[in-house]
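Here is the structure we will look at.
The values are calculated or read from the model by the stated rules, or taken from the named source; none is laboratory data. Not measured: the values here are computed from a predicted model. Virtual Cβ from ideal backbone geometry, glycine too; neighbours counted across all protein chains shown. The accessibility values were calculated without ligands, DNA or RNA, using every heavy atom of the protein model including side chains. Shrake-Rupley method; radii C 1.70, N 1.55, O 1.52, S 1.80 Å.
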Amino acid sequence: MNIGKPLLTACVSVLAVTLFLTWLPHMASKRSANDHDIAVFRASPAVRLTNSNLVDVLVAISLSERLNKAEWSNGILSVDLRVSTSKGRPTVWFADVEKLVRVSFLQLENVKRVLIRIVEEKESGEALLAAVDVRKTDEWLIHELNGLAEADPVHDELWRNRLRVSFTSAWEERFGPVSGFTVKPSSISQH
């Protein structure tokens, strides 16, 4: 029996496989260094909002207040910020509004409108305090969005107009009268 030739072939094959397996991790690290990672391992922000990624996008915003409800439909993002009767301040609430507007119109390309309701939780239920309506077609978003971080929509009529803020009688009972866009609670639909 001549086993020399098959044995030599087997040894060469094992050597070739061993060299290939030794070389493979080196090539994988080179590829990773060239930023060709697999998307699963690379954090990439959402560019389009969908019902599938709605929760992920909203969680990534890191809001100060809790979201009670969020809906995405036909380019309109609707959210309810649930605020407590015992804590929280309008400056914090409007900081959350700014975060939502910024992500919606700077990061996400398919949001046409953002509707935000500030809802106070009470023992007897909930009360709508204010509502915000911002649209992608609003001119101020192009040049004035950075000013929103320092804005005071409660006391500044310009920002109340830009954000289309509507304050309810429940807001006035808690914080006092607001000049400008004030509405009765019955004129805003309660979900």
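Looking at the stretch 88-132 only, could you name the residues that are of a type in the set (S, T, N, Q) and under 18 Å from residue 160 (Cα atoms)? If you could, list the steps in order and put the result at the bottom.
Residues of the stretch 88-132 that are of a type in the set (S, T, N, Q), as a first pass: 91, 104, 107, 110, 124.
Result: 91, single match.
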What do you reckon, is residue 2 modelled with pLDDT of 90 or more and open to solvent by 100 Å² or more (accessible area, probe 1.4 Å)? no
Please note which helices (runs of 4 or more DSSP H) are completely contained in the stretch 73-179 and include at least 1 residues that are closer than 29 Å to residue 45 by Cβ, of a type in the set (Asp, Glu) and touching a residue at least 24 places away in the same chain (Cβ under 8 Å). 90-102
What number of residues within the stretch 114-130 satisfy the criterion of being of a type in the set (A, V, I, L, M) and either modelled with pLDDT under 90 or under 12 Å from residue 93 (Cβ atoms) (or both)? 5
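Look through 148, 106 and report the one residue that is loosely packed, with under 15 Cβ neighbours inside 10 Å, under 19 Å from the mean Cα position of the chain (by Cα) and at pLDDT 90 or above.
Values: 148 fails: loosely packed, with under 15 Cβ neighbours inside 10 Å.
On inspection, the qualifying residue turns out to be 106.
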